Amino acid sequence: MGFELHPVRTGRAVKHWLEAGESRRIARDDIWSVEHPRGLIYIRTRTSKPANDANKVRRGISRTGHVGIVVSVDGDTITGVAGNSSSAGHASGSGAVCHETIKKGDRAYERIVGFVSVVDLPVEDQ
């Protein structure tokens, strides 16, 4: 087809952010303006850890984390599908694959490092 997929192959959640090219990264607070967010990978640190861990990852320091796939963004809510989750974050974990609902400003949202696209994002016309 002529496009390269996200090359990171790892089970370490935050490595998806740390090893993703800048052209594939979307800052956490920019998700609300993404036209087609479905299918993006969200990377967050564990809800059982301090919220500041997300900032450490943004500075290049590896932490334990979690990933999911964005299903939708509606109003102030991100809905995703994630494995090894309880839909409330790792703090109450069931280990199931389930829908995860993250509201802007809640415990899980504060731990989102950012989003990664599996394909190159379009370049803005200048």
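The values are calculated or read from the model by the stated rules, or taken from the named source; none is laboratory data. From a predicted model like this one, the values you see are computed outputs, not experimental measurements. Ideal geometry is used to build each Cβ from the backbone, glycine not excepted, and the neighbour counts take in all protein chains shown.
Details
- Test result for ARG44, charged (D, E, K, R) and closer than 14 Å to ARG107 by Cβ: yes
- Residue that is modelled with the highest pLDDT, among those in the range 91-126 that are surrounded by 17 or more Cβ atoms within 10 Å (Cβ to Cβ) and assigned to a loop (DSSP other than H, G, I, E, B): ARG111
- Taking every residue in the range 77-89 that is assigned to a strand (DSSP E or B) and pairing it with any residue that is at pLDDT below 85 and of a type in the set (Gly, Ala, Ser), at least 6 positions away or on another chain, the pairs with Cβ-Cβ distances below 6 Å are ASN84/GLY95.
- The conditions of being over 12 Å from the mean Cα position of the chain (by Cα) and among the aromatic types (Phe, Trp, Tyr) are not met by TRP17.
- Any hit, the range 59-70, residues being touching a strand residue (DSSP E or B) at 6+ places or on another chain (Cβ under 9 Å), farther than 17 Å from ALA27 by Cα, at pLDDT 85 or above and in a strand (DSSP E or B): no
- Taking (1) within 13 Å of the chain's Cα centre (by Cα); (2) modelled with pLDDT of 95 or more; (3) not polar (S, T, N, Q) in turn, ASP76 satisfies each apart from (1).
- Some residue of the range 19-38 being surrounded by fewer than 18 Cβ atoms within 10 Å (Cβ to Cβ) and assigned to a strand (DSSP E or B): yes
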